[in-house]
Structures are given as structure tokens and as C-alpha cells.
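The values are calculated or read from the model by the stated rules, or taken from the named source; none is laboratory data. Computed from a prediction, not measured in an experiment: that's the story for all the values here. All Cβ positions, even for glycine, are placed from backbone atoms using ideal geometry, and neighbour counts span all protein chains on display. Each accessible area value is taken on the protein alone, full model and side chains, heavy atoms only, with ligands, DNA and RNA left out. Shrake-Rupley method; radii C 1.70, N 1.55, O 1.52, S 1.80 Å.
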Amino acid sequence: MPDPATPEPFPAASTGSAVEHIETVIIGAGQAGLATGYHLQQQGRAFVIVDAERRIGDGWRHQWDSLRLFTPAWADALPGRPQRAPAWSYPSKDEFADYLEAYAAEFRLPVRLDTRVVALQSFAGLTPGLTPGLTPGPTPGPTPGLTPGAGGYILSTDRGQLHADNVVVATGTFGRTPVVPDFADQLDPSVVQLHSSEYRRPEELPPGPVLVVGASHSGCDIAYEVAETHPTVLVGRDTGQIPVPFDSPLAKVVLRLMLFAFGHVLTRRSPVGRRQMEHIRFHGGPRLRVQTKDLEGRGVDWVKDRLTAVQDGRPVLPGRGPAEVRSVIWCTGFRQRFTWIDLDVFDERGWPKEMLGVVGDAPGLFFAGLGFQSSGRSMLIHGAGHDAAHVAARIVERMGDTEEYRREAEESWASTIWQPDERPTRSEPGHRPVST
């Protein structure tokens, strides 16, 4: 996705160029996008998945080296394909990335890699010779391949334009734009600054004290790892932790109960769930793998408050004053930024105004994989699969068994054909062309 800080103008294509029509376009080939595609495939619907990465799973591969999933393998599967790993093992980020790649290959899901969506606009109100964002030519005429007033959406990509009856945005659970405090640029230039999305391993940090800002999952994990080789200070409010050590036999019982509660108690339809939705989306959840005693054992100095200021180029620790550090790692989360979507469907915080992934104000627009899309489990792998099933069902319900679909369903349509070890940089189109 484009950098929301410098949004690009909505691109224009030649008024004489054809616009490809696909019934449903899914943006994002992560777990939510692939699961949505799986469910649409099971219903025989035409769709394509587009993703800007060069390999399926690269969103996971680009995380820090030691990252492992926080849920056991039995809870890390997408519909139709169980994890091959032992049930109570915790897959590494690379293992899960490979799982996603193998999943797409096994079901021959039509994925177009290395394809970046730069703008999404409504097709409603199209007039002959004018595609949204285009200037009418001297001799207006109908846009090839499309019928004026047909509705749906136009997706402008760096490989051409697509027209879709439905669009599913599956670009990230909590957003992809790193959040860094406004005062970060006041730190002395000699201080190395990394966001958690840029951190890979302790060896890349210069010698000397490290300040980790943010004490949720990523902050505690990274502080614990870095403290083995660097003096480490962790600053951030305590978000709580599970009541037993993560490697304890009792953790298996606690995790099962937590997963059940996340899916059946902390829902958007329950008062307690709606209260937790705000906390989970914007403040993080309880610690799992790395707990307080682990941090203490590594000598992490934890200041349980927020970092709010810089003085003379140094971060000011609450209650202590300026601190001498060589590196700062911002584990301060991400922000949903959808400036590339030219639709009035977002709230004041930038989150889509949806319920269970369905956008009531924009028929045919859906979201998949959002944090707390249906419940607390939406941020988990199996939760993303559950929510994707609901979105796919609403798409099938919306399209129905139209005469055009019945006619064209008789035509064979190609799917992406590749194996994981081929590691494609861009798949074949993988769609069923629609007659006009």
C-alpha cells in the first residue's frame, strides 16, 4: 500500500484502454485474504487475490528473526488444511509463511503477486467515456469492457485497472503504518531508532544501552531478546499477563479457555466484548510468552509508564529524567491508514465503519482480518479464517445465482498453477474472463 503520509493522486488510465472485470477482488494474500478466497472457491465464485509482495507469506518473513506465533499449531490452521507441525508447537514466522504459500498452491488459489493497489474508487455514476479519476477525451465513448452505471468498484493497480462487483480489503489486522511518537525526531541523531517492523536481531544494534518503548507482545519479546547482549530499559504500561508461565503444562488449559473466551464471550455483540474491543485495538493484549519474571531474569529495567518527552536529545523516563541510550526500538504498534480508498466509510480513527466485515454504507465492500472484526479471536489465525467465512457467505448471498453467472460458470476458468518451491514473482492472471 502507498505511504499514507504522501498519498499519490488517483491514477488515470487511457480512456481507450480495456478494464478487466472480475466478480470479486481480494486485496492482500495473507491469512485473511487466502481464507476468503478458499471459501469463495468452495462456492464456485470467480475471484482473484492481489498482493504487492513478491512471495506469499512475505509479510511474515519480514518480521524479526526469532518471532514465533503466540498460539499453538493446532490453532494456526486455515480452513481445509491443518498444520503439519505438532499440535502444541509454536511455528516460527518463516514456517507459517511457508504454510501460507503451500496453502495457496494446494488449493490453486488465483493470486497475482507483485501487484500493488494504489486506489480504490466507486464505479457508481459512471458516464460514457469517463472512468472515475479520468478526464473525458475529446470524443467521449463507452469504456471498453464496461457498461456505464454498472456499479461496483474500480481498482487502480500498478499493472492496470480492475472492475469488481465486490472488493475485500484484507491488508492487515491492526494496520500497516508504524506508529512513532511525534517527539521521536527530537532524539539526538546519534541514537539509532528502529520501529519493531524494522528490527531483525540484536546483532544489528550498536553496543550500549537500548530503550524499548511499548510493553505489549512485541515490546516484551524484543526487550527480552536484546537484554541478553545489551543493557535494556523497557518503558510502557503493564497490559497484564496470563496467570501461568507460557511453558507450563497448565498453559495448555489456560490457552484453550482463553481462545474459547475470545471467540464466544469477547464478541462485538456482548457488552464486555465491546469494552474490550477498544482496548485490544488500540492498547494491546496481555503478555503471553515473555512474562514479568522472564524480564527480571534477563535484567530488563522496566519503567511501567508512558514515554512522553525528549530533553536535550535524550528520552525522558517517567520519574527518572533523561536517559543515556544508544538505541531506541519503538514497539508502539501500527495504525490503520486507508488513504488509497476514495470512499467515505471510515471513522475518526481511520477504522472502517463495518460490522463483521460488511460495510453497510458501501454495498459490495468488505473487510477481512481486522482486529476484533467479530470478536477477540479475530486477531488470531483461526479467527481470521472464521471471519473470512462470514464475509464470503455475504458475497455469495449478495450475488445470488444470476443468469449471467449461470451462463459464465459453464466456462472453464484458469487458476494460478504453481508449487511452493517455484517461488513465483508473479502468477498467471488466474481469473475467468467475463463476457460483455
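Per-residue answers, yes or no, for (1) under 21 Å from residue 336 (Cβ atoms); (2) in contact (Cβ under 8 Å) with a residue 12 or more places away in the chain; (3) touching a Lys or Arg at 6+ places or on another chain (Cβ under 9 Å):
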site	(1), (2), (3)
255	no, yes, no
259	no, yes, yes
263	no, yes, yes
269	no, no, no
276	yes, yes, no
281	yes, yes, yes
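Hey, any hits in region 81-91 for a residue that's open to solvent by less than 50 Å² (accessible area, probe 1.4 Å), closer than 20 Å to residue 217 by Cα, touching an Asp or Glu at 6+ places or on another chain (Cβ under 7 Å) and in a helix (DSSP H, G or I)? The answer is no; no qualifying residue exists. As a summary of the residue check, residue 324 satisfies the conditions (1) of a type in the set (Asp, Glu); (2) free of Cβ contacts under 8 Å to residues at least 24 places away in the same chain; (3) more than 28 Å from residue 92 (Cα to Cα); (4) part of a loop (DSSP other than H, G, I, E, B) except for the one numbered (2). Residues that are among the aromatic types (Phe, Trp, Tyr), over 30 Å from residue 231 (Cα atoms) and either open to solvent by 80 Å² or more (accessible area, probe 1.4 Å) or not in a loop (DSSP other than H, G, I, E, B) (or both) within region 327-356 comprise just one, 346.
Close Cβ contacts (under 6 Å, 6 or more residues apart or on different chains) running from residues in region 190-210 that are on the phi > 0 side of the Ramachandran plot to residues that are in a loop (DSSP other than H, G, I, E, B) and surrounded by 16 or more Cβ atoms within 10 Å (Cβ to Cβ) comprise 208/326. The set of residues from region 243-284 being of a type in the set (Val, Ile, Thr) and farther than 27 Å from residue 87 by Cβ comprises just one member, 272. Residues of region 265-308 that are crowded, with 20+ Cβ neighbours inside 10 Å, among the small types (Gly, Ala, Ser) and assigned to a helix (DSSP H, G or I): 273 alone. Taking residue 100, is it part of a loop (DSSP other than H, G, I, E, B), in contact with a helix residue (DSSP H, G or I) (Cβ under 9 Å, 6 or more places away or on another chain) and surrounded by 18 or more Cβ atoms within 10 Å (Cβ to Cβ)? It is false that residue 100 is part of a loop (DSSP other than H, G, I, E, B), in contact with a helix residue (DSSP H, G or I) (Cβ under 9 Å, 6 or more places away or on another chain) and surrounded by 18 or more Cβ atoms within 10 Å (Cβ to Cβ).
The strands (runs of 3 or more DSSP E) found wholly in region 159-264 and carrying at least 3 residues that are open to solvent by less than 30 Å² (accessible area, probe 1.4 Å) occupy 160-169, 210-213, 232-235. Of all residues being among the aliphatic types (A, V, I, L, M) and in contact with a Lys or Arg (Cβ under 9 Å, 6 or more places away or on another chain) in region 172-190, which is farthest from residue 352 (Cα to Cα)? Just the residue, please. Only one residue tops the list, namely 187. Residues that are in contact with a Leu (Cβ under 9 Å, 6 or more places away or on another chain) and over 16 Å from residue 238 (Cβ atoms) within region 281-299 comprise just one, 281. Inspect all residues belonging to region 20-32 and state whether any of them is open to solvent by 10 Å² or more (accessible area, probe 1.4 Å), modelled with pLDDT under 95 and in contact with a Pro (Cβ under 7 Å, 6 or more places away or on another chain). No, there is no match, as no residue in region 20-32 is open to solvent by 10 Å² or more (accessible area, probe 1.4 Å), modelled with pLDDT under 95 and in contact with a Pro (Cβ under 7 Å, 6 or more places away or on another chain).
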